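Inspection log for the structure reproduced underneath, given as structure tokens.
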Amino acid sequence: GNSVTQMEGPVTLSEEAFLTINCTYTATGYPSLFWYVQYPGEGLQLLLKATKADDKGSNKGFEATYRKETTSFHLEKGSVQVSDSAVYFCALSGETSYDKVIFGPGTSLSVIP
Amino acid sequence: GAGVSQSPRYKVAKRGQDVALRCDPISGHVSLFWYQQALGQGPEFLTYFQNEAQLDKSGLPSDRFFAERPEGSVSTLKIQRTQQEDSAVYLCASSPGGAQYFGPGTRLTVL
């Protein structure tokens, strides 16, 4: 079945450091890929998405590229801020518009001044 | 515009009690999903509605869990005879198709 694997946390970075959170997936067909973020005390928010191979999703300085050849969707940001401290979830859904979302286990990021 | 809302935000139940969790989706969203998020883990799918039809309930962990969406809008997740392992955050999401938009969740603690 479909599944998502992402790097173990927690990750601690200094402000302005470069961030990469690795994510790989297993799926049949052509899933849509997502990154969701959960800030402390808040609900899940969609950070970015990509719906087909080679698409790049971007938002708030974060980027991820849908790589079908490596079944990956790594999250990157060039310069993190303290306000980026949160838990990041890589996720996928199937080809139909109404498929359930399958989440990875989450990666906790702490950014220190 | 209003997002997905859930109530109550926090619920404490004694083992064996029944609980009901409510979800108000974004107006006009056809699809509604329920997820369970255990502490330190990613959300896991419970059930899916398209309008009032429950099309997938494969993720419900036992027959103590029941969900409904009788008029294709508000949904209720009911857990009968709660057990300690039911303690989790229950998330509701709605979608017009494609990305899902999540509510803040209901944190259920079963003592």
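The values are calculated or read from the model by the stated rules, or taken from the named source; none is laboratory data. Values in this document were obtained by computation on a predicted structure and should not be read as measured data. Please note: Cβ atoms are built from the backbone with ideal geometry, for glycine as well, and neighbour counts cover all protein chains shown.
Computed quantities for the displayed model
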{"quantity": "Region A:13-70, residues that are of a type in the set (D, E, K, R), over 28 Å from B:Q6 (Cα atoms) and part of a loop (DSSP other than H, G, I, E, B)", "calculated": "A:E15, A:E16, A:K52, A:D54, A:D55, A:K68, A:E69"}
{"quantity": "In region A:17-56, the residues that are more than 26 Å from B:G105 (Cα to Cα) and basic (K, R)", "calculated": "A:K52, A:K56"}
{"quantity": "Residue match in region B:53-76 (condition: in contact (Cβ under 8 Å) with a residue 40 or more places away in the chain and under 10 Å from the mean Cα position of the chain (by Cα))", "calculated": "yes"}
{"quantity": "Tally, over region B:4-32, of residues that are surrounded by 15 or more Cβ atoms within 10 Å (Cβ to Cβ), within 25 Å of B:S87 (Cβ to Cβ) and over 12 Å from the mean Cα position of the chain (by Cα)", "calculated": "2"}
{"quantity": "Selected residue (criterion: surrounded by the fewest Cβ atoms within 10 Å (Cβ to Cβ)) from residues of region B:96-111 that are over 14 Å from the mean Cα position of the chain (by Cα) and part of a strand (DSSP E or B)", "calculated": "B:T109"}
{"quantity": "Close pairs from region B:90-111: first more than 7 Å from chain A (Cβ to nearest Cβ) and farther than 17 Å from A:G41 by Cα, partner among the acidic types (D, E) and surrounded by 18 or more Cβ atoms within 10 Å (Cβ to Cβ), Cβ under 7 Å, at least 6 apart", "calculated": "B:V110/B:D86"}
{"quantity": "Selection count where residues are of a type in the set (D, E), crowded, with 16+ Cβ neighbours inside 10 Å and more than 9 Å from every other protein chain (Cβ to nearest Cβ), scope region B:36-59", "calculated": "0"}
{"quantity": "Count - residues of region A:98-113 that are touching a residue at least 24 places away in the same chain (Cβ under 8 Å) and either surrounded by fewer than 21 Cβ atoms within 10 Å (Cβ to Cβ) or in a strand (DSSP E or B) (or both)", "calculated": "11"}
{"quantity": "Only one of A:S79, A:S72 that is farther than 23 Å from B:P104 by Cα, under 12 Å from the mean Cα position of the chain (by Cα) and not charged (D, E, K, R)", "calculated": "A:S72"}
{"quantity": "Residue pairs meeting the criteria (Cβ under 8 Å; at least 6 apart or on separate chains; first within 14 Å of chain B (Cβ to nearest Cβ), in region A:12-38; second hydroxyl-bearing (S, T, Y) and surrounded by fewer than 13 Cβ atoms within 10 Å (Cβ to Cβ))", "calculated": "A:Y25/A:S3"}
{"quantity": "Check on A:L92, under 11 Å from the mean Cα position of the chain (by Cα), crowded, with 19+ Cβ neighbours inside 10 Å, within 11 Å of chain B (Cβ to nearest Cβ) and under 21 Å from B:S31 (Cβ atoms)", "calculated": "no"}
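This table checks each residue for (1) within 17 Å of A:T28 (Cβ to Cβ); (2) at pLDDT 95 or above; (3) facing chain B (nearest Cβ under 10 Å).
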| site | (1), (2), (3) |
| --- | --- |
| A:F62 | no, yes, no |
| A:F73 | yes, yes, no |
| A:S83 | no, yes, no |
| A:V87 | no, yes, yes |
| A:D99 | yes, no, yes |
| A:I102 | yes, no, yes |
| A:P105 | no, no, yes |
| A:I112 | no, yes, no |
